[in-house]
Every structure is written in C-alpha cells, then in structure tokens.
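Quick notes on the structure that follows.
The values are calculated or read from the model by the stated rules, or taken from the named source; none is laboratory data. The model shown is predicted, which means the values in this text are computed figures rather than measured ones. Cβ coordinates were reconstructed from backbone atoms using ideal geometry, including for glycine residues, and neighbour counts include every protein chain displayed. Each accessible area value is taken on the protein alone, full model and side chains, heavy atoms only, with ligands, DNA and RNA left out. Shrake-Rupley method; radii C 1.70, N 1.55, O 1.52, S 1.80 Å.
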Amino acid sequence: MTATNTATVDRQTLVVRCRSRLQSGQATVRERFLGDGDAPRLLRERCQLVDEVLCDLWHGLELPRSLSLIAVGGYGRGELYPASDVDILLLLPEPPDDILTAQLERAVALFYDIGLEIAPSVRTVAECSRGAADDLTIQTALLEARLLAGNSATFQAVCAELKESLNRQVFFEAKQMEQEERHRRFQDSPFSLEPNCKEAPGGLRDLQTILWIARAAGYGDSWEDLAQHGFITPEEEAQLKRNLGFLQRLRTRLHLHVGRREDRLLFDYQTSLAAQLGFAPTTTRRASERLMQGYYRTAKEVTQINTILLLNIGAAISPPPDLLPQAINERFQNTHDLLDVVDEEIFRKHPGALLEAFLLMQQHPELQGMAARTLRALWRARTLIDDAFRRDPDNRRRFLEILKQPRGVLHEIRRMNQFGLLGRYLPNFGRIVGQMQHDLFHVYTVDQHTLQVLRNLRRFLADEFAHEYPLCSELISDFPRPWVLYVAALFHDIGKGRGGDHSELGAVDAAQFCAEHGVDAEDSELIVWLVRRHLLMSTVAQKQDISDPDVVGAFAAMVHDERHLSALYLLTVADIRGTSPKVWNTWKGQLLEQLFRSTCRTLLAGGQVPVRQGLIEERQQQALRLLRYFALPDSVHQRLWKQLDTVYFLRHSAEEIAWHTRALHYRTGVDRPVVKARVNPQGEGLEVMIYTRDQRDLFARLVGFFARAGYTIVDAKIHTTRHGYALDSFMLLDLSDRGSDRTMISYVEHELTARLSRQSPPEAPGSGRISRQVRHFPIQPLITIEADEKGSHYVLSVSATDRPGLLYTIAMTLAAHGANLHTAKISTLGERVEDTFLISGGDLGNAASRIKLETELLERLKV
C-alpha cells in the first residue's frame, strides 16, 4: 500500500471516528435537554462537543503549524443551538499557495463529511488587520473569537490589532444603525403573528448587540459585568437572564422540533412548542396563544432594556457636551432638548412624577425625547404604580390630562405602554398586553390593536391626512371633547381573553374608570355606551339591508342622537382600520357612510322612519333627474319600471336605478342576456349588472364565474321582475389587487354573456391554497336560519373560515334545496367570512328541512 493510500485510509478512519463521536455526543446532549429542559447547558455542551471533535480532526490533518483554527459567531460565544451553523475562521499568516489551498479545501470538505453544518471563512492576518479597522462584520466576529487549535501567537496578534484599531464610538454607531436596519425588516415590531425569535425586535440578536457594544467599549462581556459598571441593577440583571433563558429554551425547542435551522415561530409549530414548554389551554385561550403572549411580553421587555441600555452605554462612550440644563420645574429639566430628571431618585421621592413626565413631553414641544437616565429611572420605578398610586386623585387627574392634551397623546400613550407603565396604571390593560387573537382577521396583539385604533382617531384630526377620510376629519373636528373617544378606544377590547362578552366586560371597566376619574355623567354615559356598542354599526352595515328604512330606523333608535352616532361612526372606522391592512376596503367605507348619512336624516326627522312609498317616489324622482343628463325621453323608464316592485326601489340607490334603466330601457323583453359592468363610481372594484330570463342555478353560475375571474363578491342584490327576468347586481373586488378593473370590463361583459346564453352548467372555481393560519387555527363554522320579521323570508347567517370556492359551495347547496336568493351581504374579515343571505322558497317552511340545510352547510364548510 502506498503512502498516499495509507493517508487516505487514515483520513477515512478519522472521519468515521469523528462522525460517530459527534452523533453519539449530540444524541446524549439532546436526551439530557429533553429530560431537564436546561437550554444554556445544551448550548455549552454542544459547543464543547464540537470543540473536541474539530480539534481531533484538525490534529489528524497535519496542516502547517502557522495556521489557526478559530471559533467565531455564536460558536465563538460558546452558544451552539441544535441546528445552528458552526462558524469557523481559518487564519493564515499569508496568502496560501496552490498546495495549501488544496489542503484547506480538503479540510473543509472533511468538516462537512463528519456531519457539521460548517460556515467557514479563510483570511490572512493582513486581511483581518484591515478588517479590524473598518469592517463591521470582521470586527464583530473577532470580538467573540476563540482559539481552538493552531498558532496562538498569530491569533493573539490579531486580537491585539483589533483592540488597538477599534474605535468604540464608530463601532457603537455602526451597530446601532445595523440594529435599526434589522428592525425595519420586521416593521419595527416584535408583535408579528409569526415572529423571528432571533432577528426580530426583542429577539436574541437585540441582547447580543448589547454585549457586542459593551465588549467593544471595554465594559465587559456579560450581564454581570454590566451590573458591576452600574448600567443595570441586580434586579434588572436577573430579569435579563430570565428573558434570555426563555428565548434560549424557545429557540432550542424550535430547532429540535423542526429538525433544521428555523428561527420563525410559524403557526405550524406554535401548538407543539406550547405543549413542550408547558403551556396548557384554558377555557378561553389556546395553549399557543398563551405561549405567544409569553413570547411577546419577553420581546417587549427585551426591546425596553435594549433601548435604555444602548442610550446609557452610548452616553458613557460619548458624553454629551457639558451644557447647563434649563429648569422646567423642581423635578425636571431640559438637557440638550431632552426631558431629564434632576435626580435619578426623583420618582421614588415623588411617584406622581411618573405621569408628570409624559405630560411634560406633551406640553413642551421643544423636547425631542427623554434623556437616557430619565428612561432608566422610569423603567426602574414602574413598580411604584400600585393600588395606592392609582387611587391618588392627583395621579388620576394627570392621566386624564394626558388624554386631553392637544398634542402628543398617541406618542406618550405608546411610550407608556412600551415601558410598562400603561399596563400598571390600567391593570386590565396589562392583562391584554401581548395577547394574540387567532380570530383570522386581527394581525396585532390586543394592546397593539388598541393603540392602532387610538392612532387612527388621532390621524383623523391631522390636517395632512384629511384627504384620507374627509367625513371622519370633518366629524372629529366638530366633535366636542374628543378625548372621550380615546378613553373608549382604550377600553373597547380590554375585556378580551377573560371569557364572556368582551364588550360587556369592557363597559364595566370603562364605567369604573369614569367614576374613579371624575368624568361627568354625560361623557361617562357616552364612553360606556361606545365600549358596549362598538361592534353595532359594523354589524348593521355589513349584515343587514341598510336600504330598508325600518333597519335604519331601528339603528337610529339605538344611537339616540347625532353625538352618539358621530362617536360610534368614528370609533367604528378607526377600529376596522386597526385590525389588519386587509380587512378595510372602500366598499366597507361606503356601507358605513351610507348608514351614517341615512341615520342622520332619520334623527333630523325626529326619529321618524320615512314612509316607504314616499321614500320610493323620492328615489324614483332622483333617478329620473339623473336620466335627463343623458338626453333620454321622459318616458324612457316606463317599460322597465312597470316590471319592478317596491322591494327593487328600496334596495337600490337612485344612481343604480338610473344606470339599470339606461342599459335596459329598450331591452326589457330580449332573450339574449344583458351584462353590463363598470368601475365602482364611489371607489375600487367592479359593479356588474346581469339581466336575463331566470335560470336554474343562476346564482351558482355567476358566483363560479366571478371567482374564476379572480374577483370576490362583497355585495349582491338579487331581484326577479314581474315577468320572470333576473335583475341581479354584484359589487366585486379584485382578490389579487391587479389594478386592472377597467380593462376587465369588456372581458366580464363578453364572457359572462356568452356563458349565460349557452346556459352552461355551473363551473366550480379553482381550489386554491388555504393559508397556514387557517389550517392551524380554523374557526368552527356557524350556521343559523331564522325567519324574518314578516315571516315571508328567511335570514341565513354564515360564519366560517374563508377559502376559495366558499360562496360557490353555499350557492350550490342552496340550489340543491330549491331555495331562492334575494340578497347577499358578503363580509370578509381577513381569513374569516360573515355572510348573510335573504332566502325563500323550497321547503324552508319546514323546520326539519331547515335543520337539514344547516347540517349540510356545516359539513361542507369545514376546512
């Protein structure tokens, strides 16, 4: 056997030995962790195991003695997660020749062969020296570098070079910018539905950033060192370690559960991780929701301490100029346009100053923020907000003053929430901090949604945003004491997660708040009413026939007067806009505005519901006035209108009636279907009118066609004329947001006309993909069929998880039972639909038949 063959055999033996040792060692480490859940020990033991295996392999390779094998990154820190890459640096004294290059390539290949996910880099001493001066990546890597094997003198020289050349101020600023850029990738929020527990704000990387900066500045490399330098107290050190421990356990479990590197807490994993980490479901909350609340609260605390520590370390690295502060009062001063405490113990001496600080930020526009030591003192004094603090009349007055200020309300309430003071002052608000809502349409935690609603209300007041919602801006500018809306916003969802009706629970909390804070009777009544009724307007607008004067009259009776109506409208728009960017659309805006204006007219008439015949005549006259603009004869409407009943004129606006009449006045008896489409005159989407002899399964055919064309139906008005023609109107929104509604008009008109002419059978839309959120957090379908007030029709209500083809399934089921559809109110809330249909015919009069229909729908709508 030649020397080459012998060397090859020796290397193979070495690889087999190292691979076996690595596999058995990792299995032991894993089993030990699964037994005791000690994540820090797993990270250390896996790191030690890899150290031993790599050193064994290195020594068997017989590489030149001048080379160094160095651990960097998380491996250099001594923290190696189950699926993390093993970051190593091969340090060379000078650029390699061809022989050494080949040796290094074989070495790296062997590292992979033994089963390690290696992330290697090869650099010379000169390259490291240059990088130590101006390359942030190299600087960070070398800060945590550990020598594993090889030339220690070369390694020490590089470390000395780094220490000599590293500018701690420049490094601090670069790391801060790096963190800001990283946070922007995650929308500057730790409250994503599927957060990245390593990179997102409040994740492990935020803690690592603090220690990198501390090490570069010479303040140590551990939380104990930061405590010794006075940056954190022993209590804060313990809290940081608890937060770090939670994140370490979570990421370790995540890697082991998935079996590969994965740092995102996807819906697919949340339920299993919750069980592994000991979170059990309750009667009101899933185990996964409890896990995610724990994560969000941890991430929030990490962002808090990260902000405070970086401000304090930054001030220590580069102290601001020693300028004389300007006194604001005996407790606070203006230092470099920042709110500064005169004494870091001021909050312990005067606890009321905790709220005063936020009030001063609003009252002094020259202040650009809070000084580092103010934030630090606030954070440390937050536990002073207890029952006695909350009972103090001066503190109650200050809190209400914060809400009444003309500027800075949103900023300061957000700041209070960020640093944990809002949840301590309002304990029930503290219970919803970090509470996720797996209802398929909220994309924020309850506290973040609440602050989004407050943000929307404040946005209505800003002149620069008046073009977004002109009616809202007009109403709130004339609304006396708008702060009552802010109080209602804070309490409208505060009862969530407790079981029962959150609106009623919130109303009780709001009533107690108003009584304790001395809010007068009129404003207290409005606040409590808004919290209790905050879902009323959206429910009526999206589920009932708001063209029916009786519906509007009943709603007007519930809102009492214009102040209640304006307040409810403003809160409703702000609430829907604050759930998710996908939930709001212009059609919902149109419905709410139509209900608002109709109710206004009813209230101005003293609450009297307009006589139906008078309302119809008024609508017909408005339609005729619109028709005259098109130079049509006065009798143009007669042939069509004599075939229409009062229900048609009640359910359609004057503008819709005029549009239908223009299109159909000379076609009332034609056999060929008439399809007309136009861009929604009041916003986005398409409005489509179909006029054809009534056909079997017509609604199912129409629904299938629109779905296949990429549209979702948000409103449908189904009408049958006296002479047996269907006159149906649909409002459509583009599912894919292609922005091509105008170009789709000719396609819809031509293709749908052709299909109706052929009387083609219904075509099911594509199955599409169901989102992962729907798969893991489906809602149980809810079906009800109830007789309307007159007993001539039935109201079918459907609440279910949205998915492609849902409406088609409902249409085909109704058709199979011989049910006639009169109206459809389609409400999509993120991944959930809440649809209402007015139906008649078939065997609906039989209770057993209705139960059979409900059962079939429930079965077919299950995900």
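Could you tell me whether Leu454 is assigned to a helix (DSSP H, G or I), at pLDDT 95 or above and more than 25 Å from the chain's Cα centre (by Cα)? It would help to see each step written out before you state the result.
Values: assigned to a helix (DSSP H, G or I): yes; at pLDDT 95 or above: yes; more than 25 Å from the chain's Cα centre (by Cα): no.
Criteria not met by Leu454.
Can you find a residue that is open to solvent by 10 Å² or more (accessible area, probe 1.4 Å) and at pLDDT 95 or above anywhere in the range 374-384? So far as the range 374-384 goes, yes, one or more of its residues are open to solvent by 10 Å² or more (accessible area, probe 1.4 Å) and at pLDDT 95 or above. For the range 745-776, a tally of residues being modelled with pLDDT under 80, surrounded by 13 or more Cβ atoms within 10 Å (Cβ to Cβ) and within 30 Å of Arg850 (Cβ to Cβ) returns 2. Only one of the listed residues (Pro320, Pro281, Pro325) is surrounded by fewer than 21 Cβ atoms within 10 Å (Cβ to Cβ), in contact with a His (Cβ under 7 Å, 6 or more places away or on another chain), without any contact (Cβ under 8 Å) to a residue 24 or more places away in the chain and not small (Gly, Ala, Ser). That residue is Pro320. Scanning the range 559-618 for residues that are closer than 26 Å to Val679 by Cα, touching a residue at least 60 places away in the same chain (Cβ under 8 Å) and among the β-branched types (Val, Ile, Thr) yields Val573, Val583, Thr586.
Within the range 192-214, work out how many residues are open to solvent by 10 Å² or more (accessible area, probe 1.4 Å) and at pLDDT 95 or above.
Initially, the range 192-214 is screened for residues open to solvent by 10 Å² or more (accessible area, probe 1.4 Å), giving 192-194, 196, 198-199, 205, 208, 211-212.
Remaining after also requiring at pLDDT 95 or above: 196, 198-199, 205, 208, 211-212.
Number of matching residues: 7.
Which residue pairs have Cβ atoms closer than 7 Å, lie 6 or more positions apart in sequence or on different chains, and pair a first residue in the range 808-821 that is more than 18 Å from Asp728 (Cα to Cα) with a second residue that is buried (at least 19 other Cβ atoms within 10 Å of the Cβ)? From residues that are more than 18 Å from Asp728 (Cα to Cα), the pairs are Thr809/Leu861; Thr813/Leu857; His817/Leu853.
Can you pull out every residue in the range 284-304 that is open to solvent by less than 10 Å² (accessible area, probe 1.4 Å) and of a type in the set (Val, Ile, Thr)? Before the answer, list the steps.
Of all residues in the range 284-304, those open to solvent by less than 10 Å² (accessible area, probe 1.4 Å) come to 288, 291-292, 295-296, 299, 302, 304.
Answer for the range 284-304, where residues must be open to solvent by less than 10 Å² (accessible area, probe 1.4 Å) and of a type in the set (Val, Ile, Thr): just Val302.
This table checks each residue for (1) within 20 Å of Val302 (Cα to Cα); (2) open to solvent by less than 20 Å² (accessible area, probe 1.4 Å); (3) touching a residue at least 12 places away in the same chain (Cβ under 8 Å).
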site: Glu401; (1), (2), (3): no, no, yes
site: Arg407; (1), (2), (3): no, no, yes
site: Asn417; (1), (2), (3): yes, yes, yes
site: Leu426; (1), (2), (3): no, yes, yes
site: Met436; (1), (2), (3): yes, yes, yes
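Residues considered: Ala141, Ala174, Ala119, Ala153. Of these, the only one that is within 26 Å of Leu254 (Cβ to Cβ) and either at pLDDT 90 or above or charged (D, E, K, R) (or both) is Ala119. For the range 514-537, the count of residues that are in a helix (DSSP H, G or I), under 21 Å from Ala605 (Cα atoms) and of a type in the set (A, V, I, L, M, F, W, C) is at least one.
Could you tell me whether Leu485 is buried (at least 20 other Cβ atoms within 10 Å of the Cβ) and either without any contact (Cβ under 8 Å) to a residue 40 or more places away in the chain or within 25 Å of the chain's Cα centre (by Cα) (or both)? Answer is yes for this residue.
Report yes if Cys47 is free of Cβ contacts under 8 Å to residues at least 40 places away in the same chain, in contact with an Asp or Glu (Cβ under 8 Å, 6 or more places away or on another chain), open to solvent by less than 20 Å² (accessible area, probe 1.4 Å) and not β-branched (Val, Ile, Thr), otherwise no. So Cys47 passes the test. For the residues Arg407, Arg415, Arg424, the requirement of being over 25 Å from the mean Cα position of the chain (by Cα) and either within 25 Å of Ala371 (Cα to Cα) or part of a loop (DSSP other than H, G, I, E, B) (or both) singles out Arg407.
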